[in-house]
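Please read the structure below before turning to the comments.
The values are calculated or read from the model by the stated rules, or taken from the named source; none is laboratory data. Since this is a predicted model, take the numbers as computed values, not measurements. Using ideal geometry, Cβ is built from the backbone for each residue, glycine included, and neighbour counts are taken over all protein chains shown.
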Amino acid sequence: TERAAPGVRGLQPYQPGKPIEELERELGITNAVKLASNENPLGPSPLAVEAGRKAMTDVGLYPDGNGFRLKQKLAERIGVAMERITLGNGSSDILEFVVRAFVQPGDTVLFSEHAFAIYPILAMTVSAKPVSVPAREWGHDLAAMAAAITPETKVVFVANPNNPTGTWLRGDELEAFIAKMPAETVVVVDEAYFEYGRRLESDYPDAVAWVEKYPNLVVSRTFSKCHGLAGLRVGYGISHPGVADLLNRVRPPFNVNSVALAAAEAALDDDAHLSRTLEVNAEGMKQLAAGFDTLGLSYIGSVGNFISVNVGREAGPVYEALLREGVIVRPIAGYGMPDHLRITIGAAEQNERVLTALNTVLGR
Ligand code: PMP
């Protein structure tokens, strides 16, 4: 441990959700429900699965290290030049490249309270200082964040929508914040759940619209959520071409594998699957919210594919009791939310299972 970099010594590893097979083995059941990692209950598009399967025939060869075809398709779909795109092994790769390219030991990385747990981990990995700014009504307090910027602040993370709160920022306030940033501070707008936000709120902002105006803006998106490809690990960043060039310098060679590249490309062709995904999510969100109302539980209004509910007591034991009911959700005490559980929006029957289990466990 003493030999580790100073920031790394204090690190706690990122805690993923409990694997469903493990719980099923423990309980001796086969029908556990996992709504803990914001995965798509419909899974991937069948077109993506088929394309991935076909790509298996060529796995003896290295993938296209530049991901040319996927970048070309993304550029077309999103309406940006290919030179602005960086591909990642999940969008968490993009977040890491930004930190590696722009942050040195002793610098600071800024984010909001109740933000994605990876942000402080990335800062500490390069022995920089993670700075968490108190939230306002569970969401980002952009005024307080702007006031917290110092010459040492090299990267600011803003997740829109935010995980695990599901809160979102309006376009005018978010753009005004970006416009205020010093030129040497890179702002990452983490849009892992962008497509859900856009479906649930008619005036939901698209930060990509601003990349031409702000050369210090990086927008990250992913195939893990609405495209149901979490296991293949594909994400991307959109930025100024000069920033994309820097991100590509720190990007490991062949960071996105050939099966993932093929599946992601095919996923972009299946608009019907994406629409179904967003419909199921909108319906499931209503179902869970109505269920919480019936149970007398308060929750944070969310535009993501998850919702954080206040269980009215310490949530850790509730999480454990739900496990015994065969239901995996996410405790978020580590996010400064010890009374909340984050529940991924599932298919109707999965949501019903969670609500029934909550009813049992909470003795409502
Ligand atoms: N950003 C946020 C806010 C997230 O919640 C997640 C996934 N939990 C990610 C980024 C990273 O997802 P991935 O690496 O699978 O794209």
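Values computed for the structure shown
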{"read-out": "Members of region 153-164 found to be within 16 Å of the ligand (Cβ to nearest atom) and surrounded by fewer than 24 Cβ atoms within 10 Å (Cβ to Cβ), listed by number", "value": "Val158"}
{"read-out": "Selection from region 183-194 of residues that are within 8 Å of Asn216 (Cβ to Cβ) and in a loop (DSSP other than H, G, I, E, B)", "value": "Ala183, Glu184, Thr185"}
{"read-out": "Boolean, Met124 is in contact with a Pro (Cβ under 7 Å, 6 or more places away or on another chain), surrounded by fewer than 22 Cβ atoms within 10 Å (Cβ to Cβ), among the hydrophobic types (A, V, I, L, M, F, W, C) and not assigned by TED's automatic domain parsing to the domain that holds Gly304", "value": "yes"}
{"read-out": "First in region 29-40 and assigned by TED's automatic domain parsing to the domain that holds Gly17 and farther than 15 Å from Val354 by Cα, second anywhere and within 11 Å of the ligand (Cβ to nearest atom) and in a strand (DSSP E or B), Cβ under 8 Å, 6 or more apart", "value": "Glu39/Thr344"}
{"read-out": "Some residue of region 288-299 being of a type in the set (S, T, N, Q) and over 30 Å from Arg53 (Cβ atoms)", "value": "yes"}
{"read-out": "Selected residue (criterion: nearest to Phe223 (Cα to Cα)) from residues of region 88-110 that are of a type in the set (A, V, I, L, M, F, W, C) and within 15 Å of the ligand (Cβ to nearest atom)", "value": "Ile94"}
{"read-out": "Options Gly7, Gly43; residue that is within 16 Å of the ligand (Cβ to nearest atom), in contact (Cβ under 8 Å) with a residue 24 or more places away in the chain and surrounded by 13 or more Cβ atoms within 10 Å (Cβ to Cβ)", "value": "Gly43"}
{"read-out": "Unique residue being surrounded by fewer than 16 Cβ atoms within 10 Å (Cβ to Cβ), more than 16 Å from the ligand (Cβ to nearest atom) and under 30 Å from Thr165 (Cβ atoms) when the list is Gly79, Gly28", "value": "Gly79"}
{"read-out": "Candidates Thr150, Thr167, filtered to the one that is within 16 Å of the ligand (Cβ to nearest atom) and either of a type in the set (Phe, Trp, Tyr) or out of contact with any helix residue (DSSP H, G or I) (no Cβ under 8 Å at 6 or more places or on another chain) (or both)", "value": "Thr167"}
{"read-out": "Every residue from region 199-228 that is of a type in the set (D, E, K, R) and surrounded by 19 or more Cβ atoms within 10 Å (Cβ to Cβ)", "value": "Arg199, Arg221, Lys225"}
{"read-out": "Close pairs (8 angstrom Cβ cut-off, 6 or more residues apart or separate chains): surrounded by 23 or more Cβ atoms within 10 Å (Cβ to Cβ) in region 100-112, β-branched (Val, Ile, Thr) and part of a helix (DSSP H, G or I) anywhere", "value": "Val109/Val99"}
{"read-out": "Qualifying position, being over 21 Å from the mean Cα position of the chain (by Cα) and at pLDDT 95 or above, among Ala101, Ala55, Ala4", "value": "Ala55"}
{"read-out": "Segments classed as helices (runs of 4 or more DSSP H), wholly inside region 215-304, with at least 3 members that are of a type in the set (D, E, K, R) and more than 14 Å from the ligand (Cβ to nearest atom)", "value": "271-295"}
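To keep it simple, each residue is scored yes or no on (1) over 17 Å from Tyr196 (Cβ atoms); (2) aliphatic (A, V, I, L, M); (3) without any contact (Cβ under 8 Å) to a residue 24 or more places away in the chain.
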{"site": "Ser302", "(1), (2), (3)": "no, no, no"}
{"site": "Glu314", "(1), (2), (3)": "yes, no, no"}
{"site": "Tyr319", "(1), (2), (3)": "yes, no, yes"}
{"site": "Val327", "(1), (2), (3)": "yes, yes, no"}
{"site": "Leu341", "(1), (2), (3)": "yes, yes, no"}
{"site": "Ala347", "(1), (2), (3)": "no, yes, no"}
